[in-house]
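A short write-up of the structure that comes next.
The values are calculated or read from the model by the stated rules, or taken from the named source; none is laboratory data. Being a predicted model, the structure only gives us computed values, none of them experimental. Note that we place each Cβ from the backbone using ideal geometry, even for glycine, and neighbour counts take in every protein chain shown.
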Amino acid sequence: MDTATAPFTPITHPISPVSDLIIHLSTPAVSHRYLVSSQILRVVSPVWRRHLDPDSPFQSLSTCVETISGRAHTIMTLYDDDPDTLLLVLNILHFSTSSVPTTTIGFGQLRSFAVLCDKYDCIHVLNSYSKVWLDVWAPVALEPGYEDWLFIAKVFGDQRKVKELEKLLVEESGSLSSCESYFLRCGKMVETALLPEITLNKIMLSRSKELTRQISIWRSFLQSFISENVTKGCSNWDCVTLSYGNLIRSVEQSGLVKVFNLLEEWHGNIRDFEEKTGGIQLANGTRFHGYGWCPVENLNVGLRSRLGRVDS
Ligand SMILES: [Zn+2]
């Protein structure tokens with residue numbers, strides 16, 4: 001059996017009483033036919049307008065014409081759209097809005113609306129509904145699992161939480177997978193398919209710039225601390241020896257030796273990196289000698305302040 005020709009009865013959605021166009025949409029499970037007015041589609045969407053142009057390069061118009069209720073219908077085929085979301089949008093366009101949720105919708109449904117209306121460049125048709133929907137989801141946008149807010153906010157032109165979310169993702173995201181289709185955020189997988197490319201690039205660039213900055217500070221600190229055969233300003237040899245020992249042992253314990261030697265990349269997030277480097281000790285605990293603070297402790301304080309970030 002040839003599944004490509006959909007050997008099952010299609011579901012027909014009579015949307016316009018004066019329809020002249022059949023939108024055909026197939027999913028692996030079932031195919032849908034939406035009876036609509038081509039004029040409305042032309043008016044609301046520049047993309048559909050181009051599809052409906054007889055000279056369209058999209059080749060989405062079928063050459064065959066079907067007669068329904070005595071009227072000739074052209075057939076236009078769409079691909080990869082969500083059938084329920086398309087039905088809701090077409091209903092809104094044809095003023096049958098009783099099935100449109102006016103108070104709240106799920107995050108997945110909001111995302112589906114954004115995907116569809118972004119594709120057909122007709123987000124304005126949702127204007128009278130979207131404010132209420134966005135009000136529901138903007139407050140949780142920073143929580144893990146809602147990263148697609150960056151896409152939704154862009155499509156709907158809502159700036160709420162966007163900057164905060166971008167900043168948070170710089171802190172909480174690991175490196176991009178080699179296929180670039182996901183990254184881990186605090187251990188949870190985040191798919192990149194919908195994230196605006198510019199935003200994703202910006203987040204990943206900020207992440208790697210900050211890691212590079214910190215790693216280079218650690219490298220130069222460790223190189224000078226270990227190679228310069230001096231007392232680091234402390235006249236107490238026991239203290240200096242202990243500091244060396246503490247530093248070398250805790251760098252090893254941090255598991256970052258290869259990262260500091262640039263033999264390995266840090267694929268985790270910045271927070272985890274800072275937690276590990278925060279555990280690296282170089283003073284031995286006796287930081288106060290008879291004459292004052294141990295100079296090694298001053299080195300430590302200087303290092304931490306160079307590592308610290310100026311919040312932009
Ligand atoms: Zn000392």
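Observations
- Neighbours by Cβ (under 7 Å, 6+ apart or cross-chain): first from segment 43-57, in contact (Cβ under 8 Å) with a residue 12 or more places away in the chain; second among the polar types (S, T, N, Q) and surrounded by 15 or more Cβ atoms within 10 Å (Cβ to Cβ): His51/Ser60; Leu52/Ser38
- Against the list (1) in contact with a Phe, Trp or Tyr (Cβ under 8 Å, 6 or more places away or on another chain); (2) of a type in the set (Phe, Trp, Tyr); (3) assigned to a helix (DSSP H, G or I); (4) farther than 19 Å from Leu307 by Cα, the condition Phe151 fails is (1).
- Enumeration of residues in segment 173-193 that are among the hydrophobic types (A, V, I, L, M, F, W, C) and surrounded by 18 or more Cβ atoms within 10 Å (Cβ to Cβ): Leu176, Phe183, Val190
- Within segment 275-291, considering residues that are among the small types (Gly, Ala, Ser) and more than 10 Å from the ligand (Cβ to nearest atom), the one modelled with the lowest pLDDT: Gly285
- Of the residues contained in segment 54-61, one or more are found to be modelled with pLDDT under 80, under 21 Å from Leu116 (Cβ atoms) and in a strand (DSSP E or B).
- Hits in segment 243-264 (condition: in contact with a helix residue (DSSP H, G or I) (Cβ under 9 Å, 6 or more places away or on another chain) and within 16 Å of the ligand (Cβ to nearest atom)): Ser243, Tyr244, Leu247
- Filtering segment 220-242 to residues that are out of contact with any strand residue (DSSP E or B) (no Cβ under 8 Å at 6 or more places or on another chain), within 17 Å of Gln281 (Cα to Cα), in contact (Cβ under 8 Å) with a residue 60 or more places away in the chain and within 16 Å of the ligand (Cβ to nearest atom) leaves Phe225, Lys232.
- Filtered residues of segment 101-133 (kept if more than 19 Å from Asp148 (Cβ to Cβ) and surrounded by 18 or more Cβ atoms within 10 Å (Cβ to Cβ)): Cys122, Val125
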